[in-house]
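Just so it is clear, none of the values below were taken in a lab; they were calculated from the coordinates. Please read these numbers as outputs of a predicted model, since none were measured by experiment. Quick reminder, even Gly has a Cβ in these numbers, built from the backbone with ideal geometry, and neighbours come from all protein chains shown.
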Amino acid sequence: MQNSEGRRSCRNMTQELTQDEPEDPGQRPMRFAAKDAEAFATALDAASARLFGAAQAIREELDSPIEPFNRDRYDEDVAATRCELGSAEFEAASAEGRREPVSSLLSQLLAPT
């Protein structure tokens, strides 16, 4: 499966890499790497949802809607993130981003782990 840009999501790549369990023990590291990629993708999607929420709060505060020429891309990105996370998790992360000060949110997201 590919998104509108023609890129496969990390979750789809994980499914492709792990759907046939390899008999060769040398292939096992690829399975573990794929699972790490899925965990990373989930964290990235949650961070994206938080940033979507923060951006929406800023736009509302400034009474500055998304420009029409950016609307389609924005809607596609939100839909892809919502699809990957699930609606409930997306809404929770987005709400968290709306409540949190942007400086705090960015510090958390950019902090080395």
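Here are the numbers for the structure shown:
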| read-out | value |
| --- | --- |
| Additional length obtainable on full extension of the chain from Q56 to D75, 0.36 nm per residue less Cα span | 5.6 nm |
| Karplus 3J(HN,Hα) series, Hz, for region 85-97 with 6.51 cos²θ - 1.76 cosθ + 1.60 (x for Gly, Pro) | 7, x, 4, 5, 5, 4, 4, 5, 5, 5, 4, 4, x |
| Computed over region 66-113, Kirkwood Rh from alpha-carbon pairs, angstrom | 12.3 Å |
| Space enclosed by the convex hull of the alpha-carbon atoms of region 32-113, per residue, Å³ | 104 Å³ |
| Estimated distance in nm for a label pair at S64 and A111, the labels positioned 7 Å out from Cα along Cα-to-Cβ | 2.8 nm |
